[in-house]
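Visitor: Here it is: the structure, laid out below.
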Amino acid sequence: MDSASLPTVTAYLGLGSNLGDRLATLRGARIALDGVSGVRVLQGSRLYETAPVGGPPGQGPYLNGVLAVATQRSPLSLLEACLAVEEAFGRSRRERWGARTLDIDLLFHGRTVREDARLILPHPRLHQRAFILVPLEELAPGLVHPGLGLTVRQLLERRPDREGVKLLAETW
């Protein structure tokens, strides 16, 4: 099937980096994602700095943001494109929640609900992460999490750690 005949959906991607030139990496990743066939960046949140969550001790702070993208790619195809962009920016997966040059999480893909070995949608931990909810709320405050029945704004209001998400850059 030709991708031009596939429906276009809005997906939300969470991006983070805590190694190297974090801002340059996130800017480059945004440009790279916009260049992926069947993906067009619609809007980006501001960028926020946060302490690492989980993982080994001694990591530096993360720079995080969210992109809204229009895509004709299936959820799995979009995930694969995100993984390819991560790899292009030097991402290696040596330890769970370890430091990384670039992390791209598929948060939502339209209204898709999916759970299998390759992909869980919506992202299974997004409601527990202020560093995702703060920038996501800028772009889609009324977006309803289908499993929880709450909007992004309502999920954020429940996060006691949201004050730990510090604005770092207005644009990227």
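The values are calculated or read from the model by the stated rules, or taken from the named source; none is laboratory data. All values derive from a computational prediction rather than experimental measurement. Note that we place each Cβ from the backbone using ideal geometry, even for glycine, and neighbour counts take in every protein chain shown.
Visitor: Cβ-Cβ under 8 Å, sequence separation 6+ or interchain: first residue in region 105-127 and surrounded by 21 or more Cβ atoms within 10 Å (Cβ to Cβ), partner in a loop (DSSP other than H, G, I, E, B) and polar (S, T, N, Q). Which pairs?
Guide: Leu121/Thr112
Visitor: Out of all the residues in region 127-141, which are hydrophobic (A, V, I, L, M, F, W, C) and over 16 Å from Pro160 (Cβ atoms)?
Guide: The answer is Leu136, Leu139, Ala140.
Visitor: Of the conditions (1) part of a loop (DSSP other than H, G, I, E, B); (2) farther than 21 Å from Leu33 by Cβ; (3) without any contact (Cβ under 8 Å) to a residue 60 or more places away in the chain, Ala99 clears all except one; give me its number.
Guide: Condition (3) is where Ala99 drops out.
Visitor: I'd like to check something: does region 10-17 contain any residue that is surrounded by fewer than 21 Cβ atoms within 10 Å (Cβ to Cβ), modelled with pLDDT of 95 or more, out of contact with any helix residue (DSSP H, G or I) (no Cβ under 9 Å at 6 or more places or on another chain) and over 22 Å from Ala88 (Cβ atoms)?
Guide: Scanning region 10-17, I find at least one residue that is surrounded by fewer than 21 Cβ atoms within 10 Å (Cβ to Cβ), modelled with pLDDT of 95 or more, out of contact with any helix residue (DSSP H, G or I) (no Cβ under 9 Å at 6 or more places or on another chain) and over 22 Å from Ala88 (Cβ atoms), so the answer is yes.
Visitor: Can you find even one residue in region 84-94 that is of a type in the set (Gly, Ala, Ser), at pLDDT below 95 and in a loop (DSSP other than H, G, I, E, B)?
Guide: Within region 84-94, one or more residues are of a type in the set (Gly, Ala, Ser), at pLDDT below 95 and in a loop (DSSP other than H, G, I, E, B).
Visitor: Where the second residue is of a type in the set (A, V, I, L, M) and surrounded by fewer than 18 Cβ atoms within 10 Å (Cβ to Cβ) and the first is in contact (Cβ under 8 Å) with a residue 12 or more places away in the chain and assigned to a helix (DSSP H, G or I) and lies in region 134-153, which pairs have Cβ atoms under 9 Å and are six or more apart or on separate chains?
Guide: Hits for this filter: Val134/Leu167; Leu139/Leu42; Val152/Val144.
Visitor: Every residue in region 131-143 that is surrounded by 16 or more Cβ atoms within 10 Å (Cβ to Cβ) and touching a strand residue (DSSP E or B) at 6+ places or on another chain (Cβ under 8 Å), please.
Guide: Phe131, Ile132, Val134, Pro135, Leu136, Glu138, Leu139, Ala140, Leu143
Visitor: Only one of (1) without any contact (Cβ under 8 Å) to a residue 60 or more places away in the chain; (2) of a type outside the set (D, E, K, R); (3) crowded, with 20+ Cβ neighbours inside 10 Å; (4) within 15 Å of Phe108 (Cβ to Cβ) is not met by Cys82, so which one is it?
Guide: The number of the failed condition is (1).
Visitor: Now a separate question. Got at least one residue in region 49-72 being touching a residue at least 12 places away in the same chain (Cβ under 8 Å), under 17 Å from Ala130 (Cα atoms), hydroxyl-bearing (Ser, Thr, Tyr) and in contact with a helix residue (DSSP H, G or I) (Cβ under 6 Å, 6 or more places away or on another chain)?
Guide: yes
Visitor: Just one of (1) part of a loop (DSSP other than H, G, I, E, B); (2) among the charged types (D, E, K, R); (3) over 14 Å from Val9 (Cα atoms) trips up Arg111, so point out which.
Guide: (3)
Visitor: From (1) part of a helix (DSSP H, G or I); (2) within 24 Å of Gly164 (Cβ to Cβ), pick out the condition that doesn't hold for Leu33.
Guide: (2)
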